[in-house]
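Structure first, commentary second.
The values are calculated or read from the model by the stated rules, or taken from the named source; none is laboratory data. Given the structure is predicted, the values throughout are model-derived calculations rather than measurements. Note: ideal-geometry Cβ built from the backbone for every residue, glycine included; neighbour counts use all protein chains shown. Each accessible area value is taken on the protein alone, full model and side chains, heavy atoms only, with ligands, DNA and RNA left out. Shrake-Rupley method; radii C 1.70, N 1.55, O 1.52, S 1.80 Å.
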Amino acid sequence: MTIEFPSLIRRRRLLMHGGAAVATSSLLPWMRQASAASRIPVTFALRPAPAKAAILGQGKAATDVLAYNGTVSGPVVTMRQGEPFSALVTNGIDQNTTVHWHGIRLPNAMDGVPYLTQPPIQPGADFRYAFTPPDAGTFWYHPHEHTAHQMGRGLAGALIVKEREPPPFDRDLLWLLQDWAFQPNDQFVPGFDTPMEAAMSGRIGSVVTINGIVPAPIRVRAGERLRIRLVNGCLARFMALRFPGHRVTIIALDGQPCQPFAPPDGRVIIAPAQRVDLQLDTAGEPGRDYPVVDDFYGRRASYRLVTLSYTRQPAKHRSLPSMPIVLAPNPVPKPDLTDPVRHHLTIAGGMMSMGMAVDGKPAPIWGITDGHRKSDGMAPIFSIPLGRTALLRLENHTSFWHPMHLHGYSFSVLARNGVKERSPHLRDTVIVRPKEIVDIAFVADNPGNWMFHCHVIEHQANGLMTVINVA
Ligand code: C2O
Ligand code: CU
Ligand code: CU
């Protein structure tokens, strides 16, 4: 099945600029057999560079952006589960960069974290990434150097790992959600990662786009089974999506299939960096419009994200099966909780801790500690023996929401404030609410130094990050 973008304009732009991208589906059989990363031939070219993009749509000036292969959002990178992938990234911007393949359980050297897993890619230089994605699902990619500036100006794209057996949806829609702070001249508000944004909730823009453009109504037909892949690619904005007139079912979280469930109160909560795959059966009336609403920041700040606009055609299927589609699970090992390695990480900082200076330099606004050990950023805060189960308690001492992300792993969310989850979900990014305590666990089967950080980019950039070693 093809993955659809809601806007025709975008599709045309993709065709114009997508020339550098070679579809991985056209891999020759011998390419598929290559096992060692070094033998995986390059199948994709990605070039971050300055560009202009029509984010605001018709009648508005094009915005100066940083773009992968000329488009905001970047090209959809498609891989196949269990098949090798390789990308050559050529840096066309005037700053160091890297590409991080968010959520993919890949070898540490391919993780795209500068100074930790690779040297940064310097202007004009290139770097070859090669790995075999073990899990099918919805992921994304973005830079991991000067992230607030580079991602904030447009560098991010969706990454889809296709199942070996495609699930039986009528259509597969991708919505990469991003927000932007604009000036009246249709250019971005400059000065990313300001102290005020960093100490508070990060930069929350006022224009929200789907796949890089202010969305036009999305045409649907009655009686269809849709898969909607939501990716929150915002620097800092949380979302709570409601679909009035529809029943949506969550079928995967952060790329990992789950037992299908209805979102509590009909609100699909999605934090920065998280993904949610939804099943939406188009049970509305032909010819009618239905809004999709985001009310995360309360009623007064709620807005219509997009409109589902039904064609006049009669229902595609007369009746749809009442059971939702269950996606095949990915091969993620189950934590063994009989004798886990335990650590207790505390998240502190925010507004109150601004202005403290260490050696005349401003202290990081945010911090992570393990017992009495304070993270200094890039040095591992602790080490987990390879193969053991790690049980991490995350304790948020702040009055802010933090989507905490671990690289290289999908972890189980076991409990919140001591209350066990009935069916723990697998995630790579978990929301830790103000003052909340969240327990997560994973089998430490992937060796290396792995970033663990808040995905509100301004929090990460100002101390809310550490490194966990597995060896
Ligand atoms: Cu989206 Cu450190 O990652
Ligand atoms: Cu990541
Ligand atoms: Cu945070």
key: Options Gly408, Gly377, Gly349, Gly387; residue that is at pLDDT below 95 and either out of contact with any Gly (no Cβ under 9 Å at 6 or more places or on another chain) or buried (at least 22 other Cβ atoms within 10 Å of the Cβ) (or both)   = Gly349
task = Tally the residues that are assigned to a loop (DSSP other than H, G, I, E, B) and open to solvent by 10 Å² or more (accessible area, probe 1.4 Å), restricting the search to region 244-257.
result = 4
query = Do the conditions hold for Ala461, that is, is it within 16 Å of ligand 3 (Cβ to nearest atom) and either in contact (Cβ under 8 Å) with a residue 60 or more places away in the chain or more than 17 Å from Ile269 (Cβ to Cβ) (or both)?
reply = yes
remark   = Here the residues within region 92-104 that are buried (at least 23 other Cβ atoms within 10 Å of the Cβ) and more than 13 Å from ligand 1 (Cβ to nearest atom) are Thr97
message = What are the pairs with Cβ atoms under 6 angstrom where one residue, in region 381-410, is outside the structural domain of Arg105 (by TED's automatic domain parsing) and farther than 18 Å from Gly448 by Cα and the other, located anywhere, is more than 14 Å from ligand 3 (Cβ to nearest atom) and of a type outside the set (Asp, Glu)? Sequence gap at least six, or different chains.
response = Arg393/His344; Glu395/Ile437
key: Any chance Ala271 is in contact (Cβ under 8 Å) with a residue 60 or more places away in the chain and of a type in the set (Gly, Ala, Ser)   = yes
message = Filter region 452-466 down to the residues that are part of a strand (DSSP E or B) and within 11 Å of ligand 1 (Cβ to nearest atom) and list them by number.
response = Phe452, His453, Cys454, Met465
task = Please go through region 302-333 and pick out each residue that is assigned by TED's automatic domain parsing to the domain that holds Ile213 and over 23 Å from Ile218 (Cβ atoms).
result = none
ask   = Of the residues Phe442, Phe452, Phe400, which single one is of a type in the set (A, V, I, L, M, F, W, C) and away from ligand 3 (no atom under 16 Å from the Cβ)?
value = Phe442
key: Number of the exception - Gln58 against (1) open to solvent by 10 Å² or more (accessible area, probe 1.4 Å); (2) modelled with pLDDT under 95; (3) within 30 Å of Ala252 (Cβ to Cβ)   = (3)
inquiry  = Take the conditions within 13 Å of ligand 2 (Cβ to nearest atom), part of a strand (DSSP E or B) and either in contact (Cβ under 8 Å) with a residue 40 or more places away in the chain or in contact with a strand residue (DSSP E or B) (Cβ under 6 Å, 6 or more places away or on another chain) (or both) and apply them to Val438. Does it pass?
reply    = no
Residues located in region 430-459, provided they are open to solvent by 20 Å² or more (accessible area, probe 1.4 Å) and under 20 Å from Met239 (Cβ atoms) = Arg433, Pro434
task = Could you please find all residues in region 93-128 being free of Cβ contacts under 8 Å to residues at least 60 places away in the same chain and either in a strand (DSSP E or B) or not assigned by TED's automatic domain parsing to the domain that holds Ala148 (or both)?
result = Thr97, Trp101, Pro114, Gln118, Ile121, Asp126, Phe127
